[in-house]
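Asks: Below is a structure I'd like to ask you about.
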Amino acid sequence: MTPFTYERATSPEAAIRAVAGTPGAKFIAGGTNLLDLMKFQIERPTHLVDVRGLPLATIEDTPDGGLRIGALVTNTALAAHPRVKRDYGVVSRAIVAGATGQLRNKASVGGNLLQRNRCPYFYNVHTPCNKRVPGSGCSAIGGASRSLAVVGTSEACIAQNPGDMAVALMVLDAAVETMNAAGNTRSIPLAEFFRLPGETPEIEFALEPGELITAVTLPPPPAGTHHYHKVRDRASYAFAIVSVAAVLDEDGTGRVAFGSVAPRPWRVAEAEAALPEGPAAVVASAFDGAKPTHENAFKIPLAERTLALVIAEGKG
Amino acid sequence: MLLPEWLLNRREFVAGAAASGALTTVPMVGPSPALAETAPTNAVRLDVNGEPHALTLDTRTTLLDTLREHLHLTGTKKGCDHGHCGACTVLVNGTRINACLSLAVMHDGDSVTTIEGLGTPDDMHEMQAAFVKHDGFQCGYCTPGQICSAVAVLAEVEQGVPSHVTGDLTAPMALSNIELRERMSGNICRCGAYSNIADAITEVAEARG
Ligand SMILES: Cc1cc2nc3c(=O)[nH]c(=O)nc-3n(C[C@H](O)[C@H](O)[C@H](O)COP(=O)(O)OP(=O)(O)OC[C@H]3O[C@@H](n4cnc5c(N)ncnc54)[C@H](O)[C@@H]3O)c2cc1C
Ligand code: SF4
Ligand code: FES
Ligand code: FES
């Protein structure tokens with residue numbers, strides 16, 4: 001790690017001021033992603049603003065019947081919350097499919113959304129990577145790309161978003177509440193929160209410098225059964241190769257998003273509308289225009305089979 | 001593949017200096033004076049196994065290095081230093097975390113329990129005793145982390161924390177063999193003592209009812 005100064009924020013406003021006003025400053029919540037990257041010197045903050053003392057760790061019912069989840073709620077606390085287990089099972093299931101008990105106890109909701117990708121070249125500081133060093137090139141194109149994205153990619157970057165929780169939040173139409181340096185708050189639909197790489201793969205999220213995530217909001221729970229199915233190289237404790245989050249209604253309609261196949265959780269309205277026609281139609285539509293590599297083309301048929309399994313599970 | 005850049009640079013630097021005959025002017029050990037001057041420190045108060053400690057630490061010091069290198073509590077082990085193996089598992093305010101992925105400064109005012117605090121050879125914690133009885137280890141390197149994790153797993157089940165293999169999320173939770181294996185999956189055992197580890201945890205869970 002390169003040297004840095006450290007402070008504990010006493011209010012959201014002070015935290016934002018400290019990060020927005022100090023070049024090289026970053027928020028730290030659980031630290032499970034940031035410290036890992038700092039140890040590899042992929043991240044080199046000069047100042048850390050610890051936000052864990054802020055009063056953003058509660059889960060509250062909203063007047064419309066939804067839920068407001070503070071950004072500092074731990075992944076464990078969210079997965080174990082009685083209302084989440086009862087009404088938003090897809091969120092509990094997605095969270096406990098990721099990482100380990102130890103990591104989930106430390107990881108926060110905000111930090112989880114902002115976790116960075118797991119491209120092997122992003123982690124190897126001796127190889128070109130446009131995400132890590134803009135303009136240096138992409139080693140994954142033509143390189144080891146088995147785990148990477150097949151759709152939504154660009155000539156500049158083919159990294160996948162590896163997260164589990166965000167895939168579940170995507171099918172629930174979650175929104176991210178933030179506060180910026182001017183003290184303004186806004187609510188960003190999750191579908192707009194993650195940026196596709198285009199020519200600027202180093203810009204991954206729709207956040208301004210110093211903008212703090214304060215909460216994630218969920219609308220009232222949609223009717224139907226909740227599913228999260230994660231396919232990975234080991235039965236436990238591994239990132240997804242493909243995952244499917246779904247809420248399925250009895251009449252065959254529903255909502256579906258795919259994880260680890262694109263630079264963001266991948267939910268396509270037309271594909272979802274094809275659910276009554278079966279998994280092949282959904283996948284054909286969702287992966288229309290996909291540009292898989294020779295190493296990861298298998299993800300598309302795997303997504304179809306995983307969805308078939310989830311649909312069968314939904315029918316009981 | 002994952003050699004940190006600074007390490008490589010320093011090696012190259014030292015090798016280059018040796019080749020150019022400039023070695024006598026190069027400090028060979030310790031951080032360069034410039035780095036030592038700029039590395040900020042913070043005061044940290046920790047309660048570890050019931051004892052208060054007041055430390056002044058480089059902000060970069062992990063909780064794991066604090067325990068091992070500064071407090072000389074070497075029971076907690078460093079395996080990967082990146083959250084992958086679980087050897088560094090300790091309890092912070094009763095919750096299990098990986099001490100390698102946390103900074104000591106983030107724990108100012110916290111209570112930490114390590115394997116040394118759970119019990120002693122003469123007065124073992126029930127989980128330690130069960131690991132001994134069931135031979136829940138071979139080399140023992142992963143064991144402190146396994147035991148701290150196991151103690152926390154029982155508490156997490158009581159608190160209704162679901163796992164990846166939990167069936168009905170809202171039903172009362174039980175600690176079946178497959179449940180405890182999933183919940184312990186963040187603790188890797190290179191010796192493969194898993195079945196005996198599972199037997200030890202099961203015995204403690206059943207004794208508690
Ligand atoms: C070994 C290992 C295995 C893992 N496996 C999985 C897996 O299978 N599935 C999965 O989904 N994830 C997995 N993860 C990733 C894990 O989920 C993330 O590390 C974790 O969720 C990050 O949360 P955090 O609070 O620790 O974030 P931090 O590390 O504290 O922060 C991450 C980033 O978010 C920023 N940030 C944090 N909070 C805020 C806020 N409120 N507002 C604005 N910015 C903020 C920080 O500045 C930083 O840039 C794994 C991690 C490890 C180490
Ligand atoms: S895929 Fe993206 S993250 Fe991976 S090497 Fe290419 S630019 Fe970097
Ligand atoms: S040393 Fe912390 S998880 Fe391996
Ligand atoms: S006993 Fe040797 S690593 Fe587990």
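Asks: Select from region B:122-148 the residues that are among the β-branched types (Val, Ile, Thr) and within 16 Å of ligand 3 (Cβ to nearest atom) and write down the one among them that is surrounded by the most Cβ atoms within 10 Å (Cβ to Cβ).
Replies: B:Ile147
Asks: Report yes if B:His134 is assigned by TED's automatic domain parsing to the domain that holds B:Leu180 and away from ligand 2 (no atom under 16 Å from the Cβ), otherwise no.
Replies: yes
Asks: Quick one: in region A:53-91, of everything that is hydroxyl-bearing (Ser, Thr, Tyr) and more than 17 Å from A:Asn105 (Cα to Cα), which residue is surrounded by the fewest Cβ atoms within 10 Å (Cβ to Cβ)?
Replies: Per the criteria, the residue is A:Thr62.
Asks: Check A:Ala174, A:Ala181, A:Ala140 and return the single one that is of a type outside the set (Asp, Glu) and modelled with pLDDT under 95.
Replies: The conditions single out A:Ala181.
Asks: Then there is this: When you look at A:Ile69, is it out of contact with any Ser or Thr (no Cβ under 9 Å at 6 or more places or on another chain) and either in contact (Cβ under 8 Å) with a residue 12 or more places away in the chain or within 30 Å of B:Ala43 (Cβ to Cβ) (or both), yes or no?
Replies: no
Asks: Any chance region A:130-140 includes a residue that's of a type in the set (D, E, K, R), touching a strand residue (DSSP E or B) at 6+ places or on another chain (Cβ under 7 Å) and within 30 Å of A:Leu72 (Cα to Cα)?
Replies: no
Asks: I would also like to ask the following. Listed residues A:Leu190, A:Leu218, A:Leu172, A:Leu113; which is in contact with a helix residue (DSSP H, G or I) (Cβ under 9 Å, 6 or more places away or on another chain) and within 14 Å of ligand 1 (Cβ to nearest atom)?
Replies: After ruling out the rest, the residue left standing is A:Leu113.
Asks: Further, regarding this structure: What do you reckon, is B:Asp81 free of Cβ contacts under 8 Å to residues at least 40 places away in the same chain and facing chain A (nearest Cβ under 8 Å)?
Replies: yes
Asks: Can you pull out the strands (runs of 3 or more DSSP E) entirely within region A:182-238 that have at least 1 residues that are closer than 19 Å to A:Ser147 by Cα?
Replies: Where strands (runs of 3 or more DSSP E) fall fully within region A:182-238 and carry at least 1 residues being closer than 19 Å to A:Ser147 by Cα, they are A:225-231.
Asks: Quick one: is B:Ala99 more than 16 Å from ligand 2 (Cβ to nearest atom) and under 20 Å from A:Arg8 (Cα atoms)?
Replies: yes
Asks: If I ask for residues that are within 9 Å of chain A (Cβ to nearest Cβ), surrounded by fewer than 24 Cβ atoms within 10 Å (Cβ to Cβ) and assigned to a strand (DSSP E or B), which ones from region B:84-108 would you list?
Replies: B:Val92, B:Thr95 - these are the residues of region B:84-108 that are within 9 Å of chain A (Cβ to nearest Cβ), surrounded by fewer than 24 Cβ atoms within 10 Å (Cβ to Cβ) and assigned to a strand (DSSP E or B).
Asks: On to the next question. Can you pull out every residue in region A:171-219 that is crowded, with 16+ Cβ neighbours inside 10 Å, away from ligand 2 (no atom under 16 Å from the Cβ), under 16 Å from the mean Cα position of the chain (by Cα) and among the charged types (D, E, K, R)?
Replies: Of everything in region A:171-219, those that are crowded, with 16+ Cβ neighbours inside 10 Å, away from ligand 2 (no atom under 16 Å from the Cβ), under 16 Å from the mean Cα position of the chain (by Cα) and among the charged types (D, E, K, R) turn out to be A:Asp173, A:Glu177.
Asks: What are the pairs with Cβ atoms under 6 angstrom where one residue, in region A:142-165, is in contact (Cβ under 8 Å) with a residue 40 or more places away in the chain and over 29 Å from A:Val90 (Cα atoms) and the other, located anywhere, is more than 12 Å from ligand 2 (Cβ to nearest atom) and among the acidic types (Asp, Glu)? Sequence gap at least six, or different chains.
Replies: Listed pairs, sorted by first residue: none to list.
Asks: Can you tell me which residue within region A:2-39, out of those that are of a type in the set (A, V, I, L, M) and within 11 Å of chain B (Cβ to nearest Cβ), is nearest to A:Val73 (Cα to Cα)?
Replies: My answer is A:Ala29.
Asks: Working only within region B:31-48, note down all residues that are surrounded by fewer than 17 Cβ atoms within 10 Å (Cβ to Cβ) and at pLDDT 95 or above.
Replies: Matches in region B:31-48: B:Pro40, B:Thr41, B:Ala43, B:Arg45, B:Asp47.
Asks: Still on this structure: Touching a residue at least 40 places away in the same chain (Cβ under 8 Å) and in contact with a strand residue (DSSP E or B) (Cβ under 7 Å, 6 or more places away or on another chain): does that describe A:Ala286?
Replies: Answer is yes for this residue.
Asks: Scan region A:236-267 for residues that are buried (at least 22 other Cβ atoms within 10 Å of the Cβ) and within 13 Å of chain B (Cβ to nearest Cβ) and report the count.
Replies: Number satisfying all stated conditions: 2.
Asks: Return the residues of region B:111-138 that are in a loop (DSSP other than H, G, I, E, B) and either within 16 Å of ligand 1 (Cβ to nearest atom) or within 22 Å of B:Arg183 (Cα to Cα) (or both); say none if nothing qualifies.
Replies: B:Thr114, B:His125, B:His134, B:Asp135, B:Gly136, B:Phe137, B:Gln138
Asks: Another question about this same structure. What number of residues in region B:149-197 are more than 9 Å from every other protein chain (Cβ to nearest Cβ), within 22 Å of B:Ala87 (Cβ to Cβ) and buried (at least 20 other Cβ atoms within 10 Å of the Cβ)?
Replies: 6
Table: residues versus (1) away from chain B (no Cβ under 14 Å); (2) touching a Cys at 6+ places or on another chain (Cβ under 9 Å).
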site	(1), (2)
A:Ala79	no, no
A:Val91	no, no
A:Gly101	no, no
A:Arg104	no, no
A:Asn117	yes, yes
A:Cys138	yes, yes
A:Arg146	yes, no
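Asks: Sticking with this structure for a sec: Among the residues that make up region A:40-52, is at least one of them within 12 Å of ligand 1 (Cβ to nearest atom), surrounded by 21 or more Cβ atoms within 10 Å (Cβ to Cβ), on the phi > 0 side of the Ramachandran plot and at the interface with another protein chain (Cβ under 10 Å from one of its Cβ atoms)?
Replies: Within region A:40-52, not a single residue is within 12 Å of ligand 1 (Cβ to nearest atom), surrounded by 21 or more Cβ atoms within 10 Å (Cβ to Cβ), on the phi > 0 side of the Ramachandran plot and at the interface with another protein chain (Cβ under 10 Å from one of its Cβ atoms).
Asks: Here's something else I'd like to know. Regarding A:Asp233, is this residue on the phi < 0 side of the Ramachandran plot, surrounded by fewer than 23 Cβ atoms within 10 Å (Cβ to Cβ) and touching a Gly at 6+ places or on another chain (Cβ under 7 Å)?
Replies: Spelling it out, it is not the case that A:Asp233 is on the phi < 0 side of the Ramachandran plot, surrounded by fewer than 23 Cβ atoms within 10 Å (Cβ to Cβ) and touching a Gly at 6+ places or on another chain (Cβ under 7 Å).
Asks: Is there any pair linking a residue in region B:136-148 that is among the aliphatic types (A, V, I, L, M) to one that is crowded, with 17+ Cβ neighbours inside 10 Å, with Cβ under 8 Å and at least six apart or on different chains, and which?
Replies: B:Ile147/B:Ile115; B:Ile147/B:Leu118; B:Ile147/B:His125; B:Ile147/B:Met127; B:Ile147/B:Gln128; B:Ile147/B:Phe131
Asks: More than 9 Å from chain B (Cβ to nearest Cβ) and of a type outside the set (Phe, Trp, Tyr): is that true of A:Gly111 in this structure?
Replies: yes
The values are calculated or read from the model by the stated rules, or taken from the named source; none is laboratory data. On a predicted model such as this, the values are computed, not experimentally measured, just so you know. All Cβ positions, glycine included, derive from the backbone under ideal geometry; neighbour counts span all protein chains shown.
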